[in-house]
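Please read the structure below before turning to the comments.
We did not get these values from a lab; they are worked out from the coordinates using the rules stated. Computed from a predicted structure; not experimentally measured. No Cβ is skipped: glycine too gets one built from the backbone with ideal geometry, and neighbour counts run over all protein chains shown.
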Number of protein chains: 2
Amino acid sequence: MNEERKSAIYLAITQAVMEEIKANQIEVVNDRNSRVPVSISARHVHLEKAHADILFGKDYTFQKYRDISQPGQYACEEQVTIVGPKSEIERVRIVAPLRKQTQVEVSRTDGFTLGLKPPVRHSGDVSGSSPISIIGPKGRIDLEEGCIIADRHIHMSPMDAQTFGVENHQKVQIQVDGEKAGIMGNVTIRVSERYALDMHIDTDDANAFAITGKEYLRLIK
Amino acid sequence: MNEERKSAIYLAITQAVMEEIKANQIEVVNDRNSRVPVSISARHVHLEKAHADILFGKDYTFQKYRDISQPGQYACEEQVTIVGPKSEIERVRIVAPLRKQTQVEVSRTDGFTLGLKPPVRHSGDVSGSSPISIIGPKGRIDLEEGCIIADRHIHMSPMDAQTFGVENHQKVQIQVDGEKAGIMGNVTIRVSERYALDMHIDTDDANAFAITGKEYLRLIK
């Protein structure tokens, strides 16, 4: 290899290295814009109309307990008991409004308590998930599937997605500081006009990373 | 800057980059040697002699239920109830042999159940930790301190420490793959001739990262 060719290669590598350094500097500057608020989802139940009719009586109107981070969604005053093969868990809140399909979201810890090993799923994807029973004040339903562990995910608007430079369904990582520091991987981006910027994790993730729900966590692509 | 000087700089940078690439390749080769087995510690109680006398009767002999990963340590047949301000948890195993100071190790999830916010501590460091009561078949003790969340830690022999290139008390990170992938930070290295290579995590970390206890996890310095 002649000297000219060598020098061209060295220059190309140098430029690549310099670009990488520059990109990292930009990343530091953008740090304040790369953080996401986080909410902790306790175990809860979404009901479809037919099941709400059985558990609470026909055309029952659910009472708002408190708003949750996504517009129009709220936790209800009404609670049910969820029943697995090993044991049951009482006082599990309904989240309204009603949905197309009943879905019970628990943590892996809850799964061990109930005697279930629910799969980690996006909300709404209950096909082949764990069987579970639900007992309400007016009746009981036995589901062949419907119990899942919700995946780690971040709701955001299209404008947020542009700011973060991410796309719907993209997987990102989230960095956590503190005494139980670490990185949460396999975090799914969910983009919709209806969404407010918020990360949702279950109580296992919250407790493992000592997250209280007041943090702004750093998104890593 | 003349051409010769430029070329020298490019060469220096190129060599640095090549060394980095080479180091990374060595890292890949060493991957099989950089993994650590992991055990999940369920909530448990270590007792001092005076407290064992109160809870189980004077000079009681504890029965081995099963060996745990550290030589000479074993989970016992005997169980107690631990009591916090909010509620109690039954069937918590004693881990023998007896220690200098009674210590109750729980997860953060257990803490919420009990109504406690125990600090994350090294085993043995119970000063100023959460108050807790313990009920045994023969009596009850009320501790002003003693309830902790054990920190993430890795037991290893001096030879293991040499292999991994780490020191006693060093903090490392542990990488987890799979659908609940991520990195556990603030993992403390504990070196002793008495120790067998094993990482210890609590049930919150296990459930957040979907760890079953059969994995070999990658240590990152």
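Table for the structure above
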| read-out | value |
| --- | --- |
| Span per principal axis, largest first, for the Cα atoms of the stretch A:173-221 (Å) | 36, 21, 17 |
| Burial ranking of peptide ranges A:40-46, A:6-12 (average Cβ count within 10 Å, highest at the top) | A:40-46, A:6-12 |
| Shape box of chain A [Cα atoms, principal axes, largest first, Å] | 85, 33, 33 |
| Computed helical MRE - 222 nm, chain B, DSSP H runs ≥ 4 contributing -39500 (n - 2.57), nearest 500 | -7500 deg cm²/dmol |
| Three-way shape call for the stretch B:138-208 based on the alpha-carbon gyration tensor, with the a/c threshold at 1.5 | oblate |
| Where only alpha carbons of the stretch A:97-178 are counted, the Rg and the Dmax (Å) | 16.2, 48 |
| Relative contact order, percent, the stretch B:42-150 [alpha-carbon distance under 8 Å, six or more residues apart] | 31 percent |
| Along chain A, longest interval not containing exposed GluC sites (Glu not before Pro), exposed being DSSP loop plus at most 13 other Cβ atoms within 10 Å | A:1-166 |
| Reference-scaled alpha-carbon Rg (2.2 N^0.38 Å with N residues) for the stretch B:42-150 | 0.97 |
| Nearest 10 degrees, 0 to 90: helix B:3-29 Cα axis against chain B principal axis | 40 degrees |
| Using a 7 Å Cα-to-Cβ projection, residue B:101 label spacings across copies, nm, ascending | 5.3 |
| Across the identical copies, how the residue B:188 labels are spaced - nm, sorted shortest first, 7 Å along Cα→Cβ | 3.8 |
| Cα shape, the protein assembly as shown, gyration tensor, a/c 1.5 rule | oblate |
| Shielding by partners - mean other protein chain Cβ count within 10 Å, residues of B:163-176 | 1 |
| Sequence-distant lysines (8 or more away, or on other chains) whose Cα lies within less than 24 Å of residue B:171 | A:180, B:117, B:180, B:214, B:221 |
